[in-house]
Amino acid sequence: MKLRKAVITAAGWGTRFLPVTRSQPKEMLPLVDKPLIHYSVEEAIKSGFEQIIMVTSASKRAIEDYFKGSPELEKYLTNRGETDLLERMGDISGMSDYCYVLQREQKGLGDAVLTVKVVVGNEPFAVMLPDDVIDSSVPGLKQMLAVYEKYGCGVIAVTPVADEDVGRYGIIEPQKVDKGVYEVLGLVEKPEPSKAPSRLAIVGRYILTPRIFDVLKTTPPGKNGEIQLTDALNQLLKHEKLYACDLKGTRYDAGTPLGWLKANVDLALKRQDIAPEFKKYLKSLL
Ligand code: G1P
């Protein structure tokens, strides 16, 4: 079954980015000159998804405004003959079919996913956490779709992490089935390194079957008092298999200041209009 709907969760407080997130949604922080969330939208579209469902909160109007586009600005640039700027702006509003769902209370990722049940209905769908930016020749979700089609089950993205980072992620108990592909035997959210079943951490990309909604309805609050998608997936294993895919490419945790800075530097160095001067500057720092 062709997947059509990609859910992007963007309702969190962004506490790791305070104080800027007092008034600015974390998802709108720029990576070079596009907001974080734009990269997830592009990845979804390049992977063949037709509808983008954003889970937002009351303070995230800037996201909706961004994807709505600005006819006034377009008119202004057209009148001035600013074709380069018009091209750079792109047809963001026409790129996809967007839909917004409000998460009233921030009760965790599992609750955010449950919020979209009414829009997703009874079909498999993708979930993306925009903090996780994947820079790869084949888009991250597209790589996961290949695994989904091969095994016919839900798929999550994973990456190896260092011991000291285990407690920041959901960790899987893997059984290798192919190069970079694992059957998931269990999952635990943000474990102590000594209790973690592996060093393979969940990256914010999921391909889920609609059965997850039934499981989420009865998932109690877990780590940090939040309804955890990881806990629901662990329960789901009683009913269906789940696979994990170590994505090819570079993954940035752009939801922390350090990860965001790294992503900015790397992506700027890939830009022909910026890289030559920027490289000179970076060298001057050495
Ligand atoms: C969420 C998930 C976690 C996953 C991580 C990836 O955690 O709960 O399992 O490893 O995203 O970025 P959060 O970063 O929202 O605390």
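The values are calculated or read from the model by the stated rules, or taken from the named source; none is laboratory data. What you are looking at is a predicted structure, and each value in this text was computed from that prediction instead of being measured. Cβ: placed from backbone, ideal geometry, glycine included. Neighbour counts: every protein chain shown. Protein only, heavy atoms only, side chains kept; ligands, DNA and RNA dropped before computing areas. Shrake-Rupley method; radii C 1.70, N 1.55, O 1.52, S 1.80 Å.
Some observations on this one:
- Filtered residues of segment 219-238 (kept if away from the ligand (no atom under 15 Å from the Cβ) and closer than 11 Å to Gly110 by Cβ): Pro220
- Pick from segment 1-23, criterion part of a loop (DSSP other than H, G, I, E, B) and touching a Gly at 6+ places or on another chain (Cβ under 8 Å), ranking: nearest to Gln103 (Cα to Cα): Gly14
- Taking first residues from segment 168-191 that are free of Cβ contacts under 8 Å to residues at least 60 places away in the same chain and part of a strand (DSSP E or B) and partners that are away from the ligand (no atom under 13 Å from the Cβ) and among the aromatic types (Phe, Trp, Tyr), the Cβ contacts under 7 Å between residues at least 6 apart in sequence or on separate chains come to Gln175/Tyr182; Lys176/Tyr182.
- At least 2 residues being hydroxyl-bearing (Ser, Thr, Tyr) is the threshold, and among the helices (runs of 4 or more DSSP H) wholly inside segment 227-286 those reaching it are 275-285.
- Here Leu200 clears all of (1) in contact with a helix residue (DSSP H, G or I) (Cβ under 8 Å, 6 or more places away or on another chain); (2) in contact (Cβ under 8 Å) with a residue 40 or more places away in the chain except the condition numbered (1).
- Residues in segment 134-153 that are under 21 Å from Leu267 (Cα atoms) and not in a helix (DSSP H, G or I): Ile134, Asp135, Ser136, Ser137, Val138, Pro139.
- Residue satisfying condition, being among the polar types (S, T, N, Q), more than 19 Å from Val113 (Cα to Cα), open to solvent by less than 60 Å² (accessible area, probe 1.4 Å) and modelled with pLDDT of 95 or more, within set Ser284, Ser198: Ser198
- Filter result for the condition that a residue is more than 10 Å from the ligand (Cβ to nearest atom), part of a strand (DSSP E or B) and surrounded by 15 or more Cβ atoms within 10 Å (Cβ to Cβ), over Ile212, Ile207, Ile156: Ile207
- Segment 44-78, subset touching a residue at least 24 places away in the same chain (Cβ under 8 Å), aliphatic (A, V, I, L, M) and more than 16 Å from Asp97 (Cα to Cα), residue surrounded by the fewest Cβ atoms within 10 Å (Cβ to Cβ): Ala58
- Of all residues in segment 233-259, those satisfying the criterion of being charged (D, E, K, R) and touching a residue at least 60 places away in the same chain (Cβ under 8 Å) are Glu240, Lys241, Asp246, Lys248, Arg251, Asp253.
- Unmet requirement for Gly249, which otherwise passes all of (1) within 13 Å of the ligand (Cβ to nearest atom); (2) in contact with a strand residue (DSSP E or B) (Cβ under 8 Å, 6 or more places away or on another chain): (1)
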